[in-house]
């Protein structure tokens, strides 16, 4: 008979729009104890703590001893909040983007390596069941079309839409294509905020693949889709509906025909799968599905894109 598993002590730092869902899921996970939530908004912290049977703290430094934390605060605070935990060997899942700057990302990656902590990044679309179902079928795509459009919301306005929304798709593309980006054309426009609210980007990969991405937070419709075109096959993913489809050219005795349809997709919440992966990585000391290095790669590409927008250039 296996010995009982000691519950993993976890806390959530920042319980706003996304952090409260981290707390909800962690509070209901088996073999996990949500020991506290930290948020400078006392009322918000108290509400989330009460809903999940835990304690609220005004500052992350006041949290009790933990094995792991989720940092879901504004991007500008990620490095400041995550570094003290990693320095003590406490594993951290930090929401996307990993940090503001590449230097900050390098600092967190180095701390995790030196102190034996797991560092994961919250690119939740990588855990979307539709993405999980589709990825094994993506092989040497030649063209990719991505649309991620949403209505205006008064949060995440401290960062451009590239870091707010498009970075999800940059991470998925880097994982799916497995090739370096060799060329970028980009245009972005601020509309309802001082930051870039709508952007269009064309990426050229070393493999020869071209990807066209549009991200907007000022749209009337909500669309989150990606389409991959490759030799004799088409793969489509609807992130919002959690649906994926595959159509292939099949050569038979009577000639070529198109066969395919919807792929079998698990009924699961991406954030729940992400947290389950993080908890397992902490327990087994393996690398998480989306590591600090993965988060840095997406951040680096996002910075390359926004620097071109600022300069009105392409390369």
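The values are calculated or read from the model by the stated rules, or taken from the named source; none is laboratory data. In this text the structure is predicted, and so the values were computed from the model without any measurement. Every residue, glycine as well, gets a Cβ built from its backbone with ideal geometry; the counts of neighbours run over all protein chains shown.
Can you find a residue that is in a loop (DSSP other than H, G, I, E, B) and either under 29 Å from residue 103 (Cβ atoms) or touching a residue at least 24 places away in the same chain (Cβ under 8 Å) (or both) anywhere in segment 22-29?
Yes: segment 22-29 contains one or more residues that are in a loop (DSSP other than H, G, I, E, B) and either under 29 Å from residue 103 (Cβ atoms) or touching a residue at least 24 places away in the same chain (Cβ under 8 Å) (or both).
Among residues belonging to segment 110-119 that are crowded, with 22+ Cβ neighbours inside 10 Å and touching a residue at least 60 places away in the same chain (Cβ under 8 Å), point out the one that is nearest to residue 307 (Cα to Cα).
The extreme case among them is 119.
Take segment 92-104 and flag every residue that is buried (at least 21 other Cβ atoms within 10 Å of the Cβ), in contact (Cβ under 8 Å) with a residue 40 or more places away in the chain and more than 19 Å from residue 161 (Cβ to Cβ).
Once the filter is applied, which keeps residues that are buried (at least 21 other Cβ atoms within 10 Å of the Cβ), in contact (Cβ under 8 Å) with a residue 40 or more places away in the chain and more than 19 Å from residue 161 (Cβ to Cβ), segment 92-104 yields 93, 94.
Assuming residue 122 fulfils every condition listed in (1) surrounded by fewer than 23 Cβ atoms within 10 Å (Cβ to Cβ); (2) touching a strand residue (DSSP E or B) at 6+ places or on another chain (Cβ under 7 Å); (3) in contact (Cβ under 8 Å) with a residue 60 or more places away in the chain apart from one, which condition is it?
For residue 122, the failing item is (1).
Whether any residue in segment 295-307 is within 15 Å of the chain's Cα centre (by Cα), in a strand (DSSP E or B) and buried (at least 18 other Cβ atoms within 10 Å of the Cβ) is what I want to check.
no
Would you mind stating whether residue 68 is buried (at least 22 other Cβ atoms within 10 Å of the Cβ), touching a strand residue (DSSP E or B) at 6+ places or on another chain (Cβ under 8 Å), within 19 Å of residue 17 (Cβ to Cβ) and touching a residue at least 24 places away in the same chain (Cβ under 8 Å)?
No, not satisfied.
Among 151, 178, which is the only one that is on the phi > 0 side of the Ramachandran plot and either modelled with pLDDT of 95 or more or not assigned by TED's automatic domain parsing to the domain that holds residue 81 (or both)?
Going through 151, 178 in turn, just one is on the phi > 0 side of the Ramachandran plot and either modelled with pLDDT of 95 or more or not assigned by TED's automatic domain parsing to the domain that holds residue 81 (or both): 178.
Suppose we filter 136, 194, 141 for residues that are within 30 Å of residue 221 (Cα to Cα), assigned to a loop (DSSP other than H, G, I, E, B), more than 18 Å from the chain's Cα centre (by Cα) and modelled with pLDDT of 95 or more; which single one remains?
None of the other options fit; the residue is 141.
Being surrounded by fewer than 19 Cβ atoms within 10 Å (Cβ to Cβ), within 19 Å of residue 294 (Cβ to Cβ) and either touching a strand residue (DSSP E or B) at 6+ places or on another chain (Cβ under 8 Å) or in contact (Cβ under 8 Å) with a residue 12 or more places away in the chain (or both) narrows it down to one of 107, 89, so name that one.
Answer to the selection: 107.
Among the candidates 159, 177, single out the residue that is closer than 24 Å to residue 79 by Cα and under 19 Å from the mean Cα position of the chain (by Cα).
None of the other options fit; the residue is 159.
Among the residues that make up segment 183-196, is at least one of them under 21 Å from residue 289 (Cβ atoms), touching a helix residue (DSSP H, G or I) at 6+ places or on another chain (Cβ under 9 Å) and buried (at least 18 other Cβ atoms within 10 Å of the Cβ)?
no
Let me spell it out: the conditions are (1) surrounded by fewer than 13 Cβ atoms within 10 Å (Cβ to Cβ); (2) over 30 Å from residue 30 (Cα atoms); (3) in contact with a strand residue (DSSP E or B) (Cβ under 9 Å, 6 or more places away or on another chain), and residue 208 meets all of them except one. Which number is the exception?
(3)
Taking the stated definitions as given, is residue 35 assigned to a helix (DSSP H, G or I) and farther than 30 Å from residue 305 by Cα?
Answer is no for this residue.
Here are some residues: 43, 51, 38. Which one is buried (at least 17 other Cβ atoms within 10 Å of the Cβ), at pLDDT 95 or above and more than 21 Å from residue 125 (Cβ to Cβ)?
Of the residues listed, the single one that is buried (at least 17 other Cβ atoms within 10 Å of the Cβ), at pLDDT 95 or above and more than 21 Å from residue 125 (Cβ to Cβ) is 38.
Could you tell me whether segment 253-260 includes any residue that is part of a loop (DSSP other than H, G, I, E, B), surrounded by fewer than 11 Cβ atoms within 10 Å (Cβ to Cβ) and in the same structural domain as residue 162 (by TED's automatic domain parsing)?
The answer is yes, given that some residue of segment 253-260 is part of a loop (DSSP other than H, G, I, E, B), surrounded by fewer than 11 Cβ atoms within 10 Å (Cβ to Cβ) and in the same structural domain as residue 162 (by TED's automatic domain parsing).
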